[in-house]
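Quick note: the coordinates plus some simple rules give every number you see, no bench work behind them. Remember, it's a predicted structure, so these values are computed and weren't measured experimentally. Glycine gets a Cβ as well: all are built from the backbone with ideal geometry, and neighbour counts include every protein chain shown.
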Amino acid sequence: MTDLYKLTIGELSGLLSKREIKSVDILNSYVKRIEELDPKISAYLYTDFDEAYKNAEEADKIIASAAATGANAGGGGFPALTGIPLSIKDIFLIRGKKTTCASKILDNFISPYDSTVVKRLKENNYVFLGKVNLDEFAMGSSTENSAYMTTKNPYDLDRVPGGSSGGSAASVAADMCAGSFGTDTGGSVRQPAALCGVVGLKPTYGLISRYGIIAFSSSLDQAGVLAKDVTDAAIMLNAVSGFDEKDQTTRRFNIKDYAGIVKKADKSLIKGLRVGLPSEFFSDGLDPAINAKITEVKNLLKDMGAVITDVSLPNTKYSVAAYYITATSEASSNLERYDGIRYGYRHKDEKGIQSLDDLYRKSRETGFGNEVKRRIILGTFALSAGYYDAYYKKASLVRKLIIKDYKDAFGKADIIIGPTSPTPAFLIGEKTKDPLSMYLSDIYTISVNLAYLPGLSMPVGTVKNPTKEGGVLPVGLQVIAPWAAEDKMLSFAKALEDEVKFRENAGFRKLDVL
Ligand code: GLN
């Protein structure tokens, strides 16, 4: 079988457990695919095929010995990610491997330990393909802020894949991995998932450990998954979620078997379900073609028996401001540690370094990119004496109002839907001159992080690509669930996915790169 790269994790692990294929076969298929396509897409900062083959051979041994005892994938014999090749956003530490966070300041930084996510992936016998690109320190919505390269959208190489987990989304969309781990502080998993036509899930704050993930904004950061379909997202979530004593913001959730729940989901659960559409998500900035697609989905849900309900999130208009005060404040503090001494990069000056302060200053001046500097300055200002009450504290109060908005909305609706992004993938360079317009690409995703809630983006169709004859661009639907209700969110998404059939429709895999 040569087209194994096309299959989902669910399909692959089924074949592995029946012993029809080997993990090494899957890996061969992905390696070939990456070598063929990544020179055009630039999703991978680096690949590590030596490690990958080691992992795959190990996984094949584990599967063979489980098969000898008659056990099945995910059924106790071996974990469902055994032998599955994944890409990892270069913000997760992997012991002995380079982690740059797409910043020059971490150039050649070798991780001294494993992040909890990676530790759990290793316990699941996954196959590590390599590290994928992101906006520097996960700050951005297009992956153009990477210090190393710009990742392209596989549906149109002139367009961005979204960000900050753009490398993750592009690698999944172009079938250059079976799934990818990313992070989402204000939309960085869901927005690139939407722009690249894949599923992106950001769980409730505290479901996945942040230990060993380079910190951007600690009260908002969450790891998330980018997957080919909803089932895969559930399988990946199963593997990494749960309390971690190394991250005291993780909680002892009553962890459910998400993959099992998704397996049981069917369209009968839509009947009578109150599906809320917030009027604020359908405002002026929304692209009419996206609006039309979301309306189609709304009608489809109505036909399936859902009770479409109008809800309101009145403080949405303050969410971008509250987010950028909170995130930049926390970032200014988290990024203090990069001083040219403790990590990676140190400035070298022919004229010589004058003092310790001079070394700090020059290392930070030449090590950080413009967007990161902009945020450090904003955050330092917002936290400075005399301004704390006016900015950070105000933003925290707005955050409380946003939490209340969602509580009220979930009094009327079981689940909330809307567009993930106001526009389809935009052109490379289109928004780099105007940071504010870039910030607005997360207008629908940001409030979910502020409210600590779970959110998911799933592809629901495509729109015409206005700059490429015959080309299409994917559209993402955002699904938001109450706190810790990942089970509801996933089963709703699965039931809808079965009807929408994105992977079977004409636009799917109409990739520019092919
Ligand atoms: N685009 C948002 C930002 O630039 C969100 C980034 C993220 O979620 N990491 O801050």
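Remarks
- Using the Cβ of ASP498 as centre and a radius below 9 Å, the other residues enclosed give a net charge of 0, where K and R count +1 and D and E count -1.
- Ranked list, fewest to most other Cβ atoms within 10 Å of each Cβ, for PHE49, PHE78, PHE109: PHE49, PHE109, PHE78
- Residue-count net charge about LEU7 - beta-carbon cut-off 15 Å; Lys, Arg +1, Asp, Glu -1: 0
- Calculated P(r) tail over 19 Å for the range 23-151, as whole % of Cα pairs: 53
- Across the range 300-372, Cα-Cα pairs farther apart than 15 Å form 70% of the total.
- Each Cα pair under 8 Å and six or more residues apart adds its sequence gap; the mean of these over the residue count of the range 201-342 is a relative contact order of 25 percent.
- Segment ILE341-ARG509, extension gain: residue separation times 0.36 nm, minus the distance between their alpha carbons: 55.9 nm
- Mean separation of Cα contacts under 8 Å (6+ apart) over length of the chain, as relative contact order %: 17
- Debye log10 I(q)/I(0) for the range 237-323, one point scatterer per Cα, at q = 0.11, 0.14, 0.22 Å⁻¹: -0.57, -0.85, -1.02
- LEU157/ASP498 FRET efficiency (R0 35 Å; Cβ-Cβ; nearest 0.05): 0.65
- Note on LYS298: lysines with a C-alpha under 21 Å away, same-chain residues under 8 apart excluded, are LYS267, LYS271, LYS412, LYS464, LYS488, LYS494, LYS501.
- Computed over Cα pairs, the Kirkwood radius of the chain leads via Stokes-Einstein (1.567 mPa s, 4 °C) to a diffusion coefficient of 57 µm² per second.
- Of all lysines in the structure, those lying under 22 Å Cα to Cα from LYS61, and not within fewer than 8 positions of it along the same chain, are LYS18, LYS22, LYS119, LYS122.
- Across the range 1-153, Cα pairs under 8 Å and at least six residues apart give a relative contact order of 26 percent.
- The separation of the range 440-475 from the range 126-166, counted between C-alpha centres, amounts to 16 Å.
- Cβ-placed point charges (K, R +1; D, E -1), dipole of the range 303-401 about Cα centre in debye, nearest 20: 200
- Each of LYS302, LYS510 has some number of other Cβ atoms within 10 Å of its Cβ, and from fewest to most they run LYS302, LYS510.
- The charge dipole of the chain, taken about its Cα centre with unit charges on the Cβ of Lys, Arg, Asp and Glu (plus for the first two, minus for the last two), comes to roughly 720 debye.
- Positive-pole candidate from SER279, TYR155, ILE214, dipole of the chain, charges at beta carbon: SER279
- Dimensions (Å) - the range 341-458, Cα atoms, principal axes, largest first: 66, 40, 25
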